[in-house]
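Engineer: Once you've had a glance at the structure underneath, I'll fire off some questions.
The values are calculated or read from the model by the stated rules, or taken from the named source; none is laboratory data. Given the structure is predicted, the values throughout are model-derived calculations rather than measurements. No Cβ is skipped: glycine too gets one built from the backbone with ideal geometry, and neighbour counts run over all protein chains shown. What goes into the accessible areas is simple: the full protein's heavy atoms, side chains included, and nothing from ligands, DNA or RNA. Shrake-Rupley method; radii C 1.70, N 1.55, O 1.52, S 1.80 Å.
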Amino acid sequence: YILFISVGKFHLISKLGRVEKSVEAHCGAVLAGRWNYEGTALVTVGEDGQVKIWSKSGMLRSTLAQQGSPVYSVAWGPDSEKVLYTSGKQLIIKPLQPNAKVLQWKAHDGLILKTDWNSVNDLILSAGEDCKYKVWDSYGRLLYSSQLHEYPITSIAWAVDGELFAVGSFNTLRLCDKTGWSYALEKPNTGSIFNISWSIDGTQLAGACGNGHVIFAHIVEQRWEWKNFEITLIKRRTMKVHNVINDAEDSLEFRDRVIKASLDYGYLVVSTSLQCYVFSTKNWNTPLIFDLKEGTVSLILQAERHFLLVDGGGLYLYSYEGRLISSPKYPGMRTDILNAQTVSLSNDTLAVKDKADEKVIYIFEALSGKPLGDGKPLTHKTEIMEIALDQKGLTSERKIAFIDKNRDLYITSVKRFGKEQKIVKIGTMVQTLAWNDTSNILCGIQDTRFTVWYYPNTVYVDKDLLPKTLYEKDGSEFSKNPQIVSFVGNQITIRRADGSLVHLNISPYPGILHDYVRASRWEDAVRLCRFVKDQTLWACLAAMAVANKDMATAEIAYAAIGEIDKVQYINSIKDLPSKESRMAHMLLFSGNTQEAETLLLQSGLIYQAIQVNINLYNWDRALELAVKHKTHVDTVLAYRQKFLENFGKKETNKRFLQYAEGLEVDWNKIRAKIQMEIVKERERAAASPAGRT
């Protein structure tokens, strides 16, 4: 149905224009009405100060609120479980559930005339007689407040995808970014614009004007940039391509109006109302064209090998040759509320943040569309705000970074089989983040500092080394709420709150180091570090070498940054007789105690597993292993006794007292047994194919 409002009533009108039902809704005028996002319920507000919920057929479900003054505007929350409405100078968010907490705050210095709440970005708009418009988050925190306008703001509305909003006033129509700054200002001779409605594809809008006219506007002059190419939508069906190196220009004509576009990794992907065009930056004359299943594409994401289209029907992964690769699905999927912060794509992985449970991220194999690893989604302890997959390296090493509700930055591996994933915090108060397109380098703005994590995987290799692998710069020049637009090569583009772009360049050497390590060119990597003479680069190389089990390079890098204790430990690892022992001690070096013990036990090195637990003072586990495998119980008890003697303590653990009963510690015998274990391990290593080689 179409909703039509008149004095005291609302009318439900069919597509054919026939009035299906008229309902007496309010005493006095009905000032606003909205369908919820599913189209199953209706909310109306009026001069009588009442907020009422109605069924699809026009039956009254409940009176949600009763105000003492007229309610001029209303909007549904993203999940259709809350309603936002105005009350004089106040904004009120009220859940539909009875006795739930109501959020209320003073939003303007004058009467609030219009409000809107977007389901994709979860942001709220308000406009008032104080001649200002404002942007809020769903907790009532102010994100943006406009300058004082000449006349009251009479209308405001989000585009469906939440990237843009329009503002109407007397003889004024303004187009704004979601962060609040203005793209364009038009001065039509219309009187006040009382209401604005966007088309479903977000390319055009209509406004109800005070002079009795309806104004129509469409979005042009959108721009996309990648390396040396700049593309502008100059008309609804025409794009201009500009190569800034040779000043060459091309014109791209389309049969239908352009809805969405994306330029990255050497390809331009354009969706019109009916078709998708794929252009290579090497040849603009022969695009690949295929028909779309559904007309309205709401999001395009690109990776090096393929791209993702999101529309009302689902998620579709295509190759740049136009072949459909996969169409991932998950329970309760709602594609209309997905955006670039809640979906991330790499060459082998697709990650989607769930809207029903915002603590959950679904992770899929790109080629098959099936859930990755053991099929279970990644679950965090608090709500997740933004996600991003790294773009390079092996699938088994793929990492995902995400920012949660507390603005903490975490990183974890996407490939898990049964075991609990290790989610590690690497930043606090992070506003925005982006991965590099050619190396696994991460950048973000945390608090008032711009930070680059040259090798985020350090946190899994040597956590103490992480601060030494960072580049930090004062970020006060970016002002409040900046957003990272892109991180291509060694250039980062940041958009400030006023809409201006700031370009930053970081050192190219970490990217070169990543390339050398990926190709296992360790000698070149060491040579590069010696040439640059930078402690940050040496720290990155140390972590990379440990991660790739290259002990010789790790020893050189740790020595260069003065970590002598770690150099000595690496030397001791190199002297171990068997490959399994060396691998286990490398895992210990990285803090993976459980994995080290498992490896030793699987290799039959029982004594070494016991000794690892003794060295870590993990006495209960050491005794448990000794008893289970019926060996070296006396060794564990001897080391435990020596440990307690050093601290002048007596044994109180019942289990140790039980096994120590009647046992005499003979250190000569224990040393002989340990020596035998070492000899056995050497003989075993020599007998293995690797040992013989």
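Engineer: Any chance you could look up the accessible area of Lys680 with a 1.4 Å probe, heavy atoms only, rounded to 10 Å²?
Structural biologist: Per-residue accessible area (Lys680): approximately 110 Å².
Engineer: Mind putting a number on the dipole of region 291-440 about its Cα centre? Charges go on the C-beta only, +1 for Lys and Arg and -1 for Asp and Glu, and I need it in Debye to the nearest 20.
Structural biologist: For this selection, approximately 500 debye.
Engineer: Taking the Cα atoms of region 248-337 alone, what are Rg (to one decimal) and Dmax (as a whole number) in Å?
Structural biologist: 13.1, 48
Engineer: Something else: Could you work out the percent of alpha carbon pairs in region 404-527 separated by over 22 Å, rounded to a whole number? The partial results should precede the final answer.
Structural biologist: Numbers: 3038 of 7626 pairs.
Tail fraction, whole percent: 40.
Engineer: Please sort 653-664, 433-444 by packing, taking for each peptide the average over its residues of neighbouring beta carbons within 10 angstrom, highest first.
Structural biologist: Highest mean packing first, the order is 433-444, 653-664.
Engineer: Follow-up. For q values of 0.09, 0.14, 0.17 Å⁻¹, compute log₁₀ I(q)/I(0) with the Debye formula on a Cα-only model of region 2-211, without solvent.
Structural biologist: -0.32, -0.82, -1.24
Engineer: With everything on Cα atoms, drop me the angle between helix 579-589 and the longest principal axis of the chain, reported from 0 to 90° to the nearest 10.
Structural biologist: Approximately 50 degrees, to the nearest 10.
Engineer: Counting only C-alpha contacts under 8 Å and six or more residues apart, can you give the relative contact order of region 576-692 as a whole percent?
Structural biologist: Rounded, it is 22 percent for region 576-692.
Engineer: Another question about this same structure. Please give the residues of region 488-521, grouped as numeric ranges, whose backbone N is less than 11 Å from a label point set 7 Å along the Cα-to-Cβ vector of Val244.
Structural biologist: Once the point is set 7 Å along Cα→Cβ of Val244, 503 turn out to lie under 11 Å by backbone N, inside region 488-521.
Engineer: Mind checking the per residue accessible area of region 576-692 for me, 1.4 Å probe, whole number of Å²? Provide the component values of the computation, followed by the final result.
Structural biologist: On the way: 7170 Å² over 117 residues.
Computed with neighbouring chains in place, this is 61 Å² per residue.
Engineer: Determine the equivalent ellipsoid of region 584-635 by diagonalising the alpha-carbon gyration tensor, then write out the semi-axes as square roots of 5 times the eigenvalues, largest first, rounded to whole Å.
Structural biologist: Its equivalent ellipsoid spans semi-axes of 18, 12, 8 Å.
Engineer: Quick check for me: using +1 on Lys/Arg Cβ and -1 on Asp/Glu Cβ, what's the dipole size of region 2-115 about its Cα centre, in debye to the nearest 20?
Structural biologist: About 120 debye.
Engineer: Just check region 98-151 against the gyration tensor rule for me: Cα atoms, a ≥ b ≥ c as the square roots of the eigenvalues, rounded for a/c under 1.5, and otherwise prolate or oblate depending on whether a/b exceeds b/c.
Structural biologist: Prolate, since a/c reaches 1.5 and a/b exceeds b/c.
Engineer: Okay, moving on. Based on the Kirkwood radius over alpha-carbon pairs, what is the Stokes-Einstein translational diffusion coefficient of region 576-692 at 37 °C with 0.692 mPa s viscosity, in µm²/s?
Structural biologist: Approximately 217 µm²/s, per Stokes-Einstein.
Engineer: Also, quick follow-up: For region 184-233, what does the alpha-carbon gyration tensor say about shape, rounded, prolate or oblate, given a ≥ b ≥ c as the root eigenvalues, a/c under 1.5 as rounded, and a/b over b/c as prolate?
Structural biologist: It comes out prolate by the Cα gyration axes.
Engineer: Using just the helices of the chain, give the 222 nm mean residue ellipticity in deg cm²/dmol: DSSP H runs with n ≥ 4 each add -39,500 (n - 2.57), and the total is spread over all residues, rounded to 500.
Structural biologist: Calculated mean residue ellipticity at 222 nm is -6500 deg cm²/dmol.
Engineer: Using the charge dipole of the chain (Lys, Arg: +1 at Cβ; Asp, Glu: -1 at Cβ; taken about the Cα centre), state which of Pro577, Pro331, Leu175 has its Cα farthest towards the positive end.
Structural biologist: Selected residue: Pro577.
Engineer: Nearest 10 degrees, 0 to 90: what angle lies between the long axis of helix 522-532 and the longest principal axis of the chain (Cα atoms)?
Structural biologist: Approximately 70 degrees, to the nearest 10.
Engineer: By its C-alpha gyration tensor, with a ≥ b ≥ c as the square roots of the eigenvalues, how is region 532-604 shaped: rounded for a/c under 1.5, else prolate for a/b larger than b/c, else oblate?
Structural biologist: Working: a/c = 2.71, a/b = 2.14, b/c = 1.27.
Note, shape of region 532-604 comes out prolate.
Engineer: Per Stokes-Einstein, at 10 °C and 1.306 mPa s, what whole-number D in µm² s⁻¹ belongs to region 1-121, with the Kirkwood radius over Cα pairs as the hydrodynamic radius?
Structural biologist: Here the translational diffusion coefficient equals 109 µm²/s.
Engineer: If you don't mind, another one. State which entries of Lys9/Lys187; Lys56/Lys187; Lys114/Lys293; Lys56/Lys94 exceed 31 angstrom in Cα-Cα distance in the structure shown.
Structural biologist: Among Lys9/Lys187; Lys56/Lys187; Lys114/Lys293; Lys56/Lys94, the Cα-Cα distance tops 31 Å for Lys9/Lys187; Lys56/Lys187; Lys114/Lys293.
Engineer: With every protein chain left in place and a probe of 1.4 Å, what is the accessible surface of His503, to the nearest 10 Å²?
Structural biologist: It works out to around 90 Å².
Engineer: Considering the Cα trace of region 72-191, what is its radius of gyration and what is Dmax, both in angstroms?
Structural biologist: So, for region 72-191, Rg and Dmax equal 13.8, 48 Å respectively.
Engineer: Let me ask something additional. Going from the alpha-carbon gyration tensor of the chain, what semi-axes, largest first and in whole Å, does one get by taking the root of 5 times each eigenvalue?
Structural biologist: 59, 32, 23
Engineer: Right, something else. Specify the angular offset, from 0 to 90 degrees and rounded to the nearest 10, of the alpha carbon long axis of helix 619-628 from the longest principal axis of the alpha carbons in the chain.
Structural biologist: Around 70 degrees separate the two axes.
Engineer: Determine the distance separating the Cα centre of region 458-483 from the Cα centre of region 211-225; give it in Å without decimals.
Structural biologist: 40 Å
Engineer: Compute the FRET efficiency between Trp667 and Ile423 as 1/(1 + (r/R0)^6), taking r as their Cβ-Cβ distance and R0 = 41 Å, and round to the nearest 0.05.
Structural biologist: Efficiency, rounded to the nearest 0.05: 0.40.
Engineer: What number, in percent, do you get for the relative contact order of the chain if the mean sequence gap of Cα pairs under 8 Å and at least 6 apart is divided by its residue count?
Structural biologist: Numbers: 1462 pairs, mean separation 25.0, N = 693.
Answer for the chain is 4 percent.
Engineer: For a quick size check, give me the Cα extents of region 513-554 along its three principal axes, largest first, whole Å.
Structural biologist: 23, 16, 16
Engineer: In whole percent, how big is the carbon plus sulfur part of the accessible area of the chain, probe 1.4 Å, protein atoms only?
Structural biologist: Numbers: 16470 of 32670 Å².
Whole-percent figure for carbon plus sulfur exposure: 50.
Engineer: Here is a further query. Could you give the length gained by full extension between Gln641 and Ile13, i.e. 0.36 nm per residue of separation minus their alpha carbon distance, to one decimal place?
Structural biologist: So the chain would gain 217.4 nm between Gln641 and Ile13.
Engineer: Please give the peptides 315-322, 21-28 ranked by average Cβ packing (other Cβ atoms within 10 Å per residue), highest first, as a rough proxy for protection.
Structural biologist: Taking the mean over residues of other Cβ atoms within 10 Å, the ranking is 315-322, 21-28.
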